[in-house]
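Asks: Next up is a structure, given as structure tokens.
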Amino acid sequence: MKMGFAGAGAVGCHYGSKLAQAGASVVLLARGAHLLAMQRDGLLHESEGHTLRVQMCASDDVDVLAACDVVFFTCKMTGLPSLIEQLRGRLAAGTLLVTLQNGVQAPAMLADAFYGYPVVAGTAFIGARLEAPGHVIHSAAGGVRLGAWSAEVDAGRLQQLVATLQQAGIPARIEEDPVVMLWRKLLWNCGFNAMTAITRRYAGEIVADPALREMAELAMQETVAVACASGVALTETDIAGHVAITAAMGPVKTSMWQDIEAGRPVEVDYINGYVAGEAERLGLAAPVNRLLAVLVRAMAERGY
């Protein structure tokens, strides 16, 4: 399978590099100084104690994705609407479209925009960052979970994709309920992503501080309430599981923390802001998520 990555940030570069190292045909859709660095010198990829320079096929021309069998959408949610418009009518019929965005909205957006295409919802549990143009550092985790979103997804083809990822050293598995899968990741993000950006503390440090942990748990409790009101089976057990895993995490900067420091748009409207908006629509209260969204927006506007 020829693999395309629409959005060659830290996540796209890490997974694209792993697949390329395993012999897969990979193309990255990138731009700016990052693209120029990869075209000139290849991708410098640090992962699991190893540093390797990988020659990658990278371009800013969206048509490079036209011949791909699989396209991973690895841009941030803030850039997804624009990317969708750029790719309309350019992907071959039957191309398998895989979302790896934060939040819960991406698969439906792709299914609406690319009607009749097989769409797979995915979540990536990974610590990674772009250290400099053409230089990605993978610092933690890296597992991928995938679930068939649209009826057009062939089960055998999805299993083949998972096997290809696993052969490249990427932990991957299929989830039977992609909606619950997406909400479980949203649950963690609601508790910790904005909190780390605001406090400049790692998620493990937030769990270790009783007052900060309480705020994170309150944000997650609000998220569970919204999920349940929406027919999604999240429970308090999911919160406890996230807290336990986070307590053992190393010093990984979350995406919002990185984006604020780099002056990039933040995804808070698709995480805490989304939960706050859905709570209002459903007649529920989500004051912690609403406050976190307001604070992160204010910080991003000032470039803190």
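The values are calculated or read from the model by the stated rules, or taken from the named source; none is laboratory data. Since the model is a prediction, treat every value here as computed from it, not as a measurement. All Cβ positions, even for glycine, are placed from backbone atoms using ideal geometry, and neighbour counts span all protein chains on display.
Asks: Go through the stretch 24-82 and give me each residue that's crowded, with 16+ Cβ neighbours inside 10 Å, farther than 23 Å from Glu267 by Cβ and of a type in the set (Ser, Thr, Tyr).
Replies: Matches in the stretch 24-82: Ser47, Ser59.
Asks: With under 19 Å from the mean Cα position of the chain (by Cα) and surrounded by 18 or more Cβ atoms within 10 Å (Cβ to Cβ) as the only criterion, which of Leu186, Leu212 stands out?
Replies: Working: Leu212 fails: under 19 Å from the mean Cα position of the chain (by Cα).
Selected residue: Leu186, the only one of Leu186, Leu212 that is under 19 Å from the mean Cα position of the chain (by Cα) and surrounded by 18 or more Cβ atoms within 10 Å (Cβ to Cβ).
Asks: Residues that are closer than 20 Å to Cys68 by Cβ and without any contact (Cβ under 8 Å) to a residue 40 or more places away in the chain, at least 3 per element: which strands (runs of 3 or more DSSP E) completely within the stretch 1-55 meet that? Before you say what the answer is, go through the steps one by one.
Replies: Values: elements: 2-6, 25-29, 43-47, 50-54.
Fully inside the stretch 1-55 and qualifying: 25-29.
Asks: For Val243, which of the numbered conditions (1) closer than 27 Å to Cys75 by Cβ; (2) surrounded by 15 or more Cβ atoms within 10 Å (Cβ to Cβ) fails to hold?
Replies: The number of the failed condition is (1).
Asks: Does the stretch 196-209 contain at least one residue that is farther than 24 Å from His138 by Cα and either in contact (Cβ under 8 Å) with a residue 24 or more places away in the chain or hydrophobic (A, V, I, L, M, F, W, C) (or both)? So that I can check it myself, show each step before the final result.
Replies: Initial filter on the stretch 196-209 (farther than 24 Å from His138 by Cα): 208-209.
From what is left, the residues that are either in contact (Cβ under 8 Å) with a residue 24 or more places away in the chain or hydrophobic (A, V, I, L, M, F, W, C) (or both) are 208.
Within the stretch 196-209, one or more residues are farther than 24 Å from His138 by Cα and either in contact (Cβ under 8 Å) with a residue 24 or more places away in the chain or hydrophobic (A, V, I, L, M, F, W, C) (or both).
Asks: Could you say which residue among Leu36, Leu28 is among the hydrophobic types (A, V, I, L, M, F, W, C) and farther than 24 Å from Met1 by Cα?
Replies: On the way: Leu28 fails: farther than 24 Å from Met1 by Cα.
Leu36 is the lone residue from the list that is among the hydrophobic types (A, V, I, L, M, F, W, C) and farther than 24 Å from Met1 by Cα.
Asks: Counting only residues that are in contact (Cβ under 8 Å) with a residue 40 or more places away in the chain, in a helix (DSSP H, G or I) and small (Gly, Ala, Ser), which one in the stretch 279-304 is surrounded by the most Cβ atoms within 10 Å (Cβ to Cβ)?
Replies: Looking at the filtered set, the residue picked out is Ala293.
Asks: Ok, one more. Restricting the first residue to the stretch 108-136 and requiring it to be of a type in the set (Ser, Thr, Tyr), which pairs with a second residue that is surrounded by 19 or more Cβ atoms within 10 Å (Cβ to Cβ) and part of a strand (DSSP E or B) meet a Cβ separation below 6 Å and a spacing of at least six or different chains?
Replies: Tyr117/Leu97; Thr123/Arg145
Asks: Any residue at all in the stretch 167-176 that's of a type in the set (Gly, Ala, Ser) and crowded, with 17+ Cβ neighbours inside 10 Å? Working first, answer last.
Replies: Of the stretch 167-176, the ones of a type in the set (Gly, Ala, Ser) are 168-169, 172.
Filter again for crowded, with 17+ Cβ neighbours inside 10 Å, leaving 168, 172.
Yes, the stretch 167-176 has at least one match.
Asks: While we're looking at this one, here's another question. Of the residues Ala20, Ala92, Ala67, which is among the hydrophobic types (A, V, I, L, M, F, W, C), within 22 Å of the chain's Cα centre (by Cα) and over 25 Å from Leu186 (Cα atoms)?
Replies: Answer to the check: Ala20.
Asks: Follow-up. Can you spot a residue in the stretch 228-249 that is part of a helix (DSSP H, G or I), more than 23 Å from Gly127 (Cβ to Cβ) and aliphatic (A, V, I, L, M)? It would help to see each step written out before you state the result.
Replies: Taking the stretch 228-249 and keeping what is part of a helix (DSSP H, G or I), we get 228-229, 236-247.
Going one step further and asking which of them are more than 23 Å from Gly127 (Cβ to Cβ), we end up with 228-229, 236-237.
Adding the requirement that they be aliphatic (A, V, I, L, M) leaves 229.
Taking every residue of the stretch 228-249 in turn, at least one turns out to be part of a helix (DSSP H, G or I), more than 23 Å from Gly127 (Cβ to Cβ) and aliphatic (A, V, I, L, M).
Asks: Are any residues in the stretch 254-263 touching a residue at least 24 places away in the same chain (Cβ under 8 Å) and surrounded by fewer than 18 Cβ atoms within 10 Å (Cβ to Cβ), and if so, which ones?
Replies: Looking only at the stretch 254-263, we keep the residues that are touching a residue at least 24 places away in the same chain (Cβ under 8 Å), and these are 254-260, 263.
The one that is touching a residue at least 24 places away in the same chain (Cβ under 8 Å) and surrounded by fewer than 18 Cβ atoms within 10 Å (Cβ to Cβ): Gly263.
Asks: In the stretch 143-184, how many residues are within 19 Å of Ala22 (Cβ to Cβ) and part of a loop (DSSP other than H, G, I, E, B)? It would help to see each step written out before you state the result.
Replies: Let us first name the residues in the stretch 143-184 that are within 19 Å of Ala22 (Cβ to Cβ), namely 143-144, 146, 157-173.
So of that shortlist, the ones also part of a loop (DSSP other than H, G, I, E, B) come out as 168-171.
Residues flagged as within 19 Å of Ala22 (Cβ to Cβ) and part of a loop (DSSP other than H, G, I, E, B) within the stretch 143-184 amount to 4.
Asks: Please verify whether Gln101 is crowded, with 21+ Cβ neighbours inside 10 Å and either within 19 Å of Gln167 (Cβ to Cβ) or in the same structural domain as Gly122 (by TED's automatic domain parsing) (or both), treating the condition exactly as stated. Even if it seems obvious, please write down each step before you answer.
Replies: Values: crowded, with 21+ Cβ neighbours inside 10 Å: yes; either within 19 Å of Gln167 (Cβ to Cβ) or in the same structural domain as Gly122 (by TED's automatic domain parsing) (or both): yes.
Considered against the rule, which asks whether it is crowded, with 21+ Cβ neighbours inside 10 Å and either within 19 Å of Gln167 (Cβ to Cβ) or in the same structural domain as Gly122 (by TED's automatic domain parsing) (or both), Gln101 comes out as yes.
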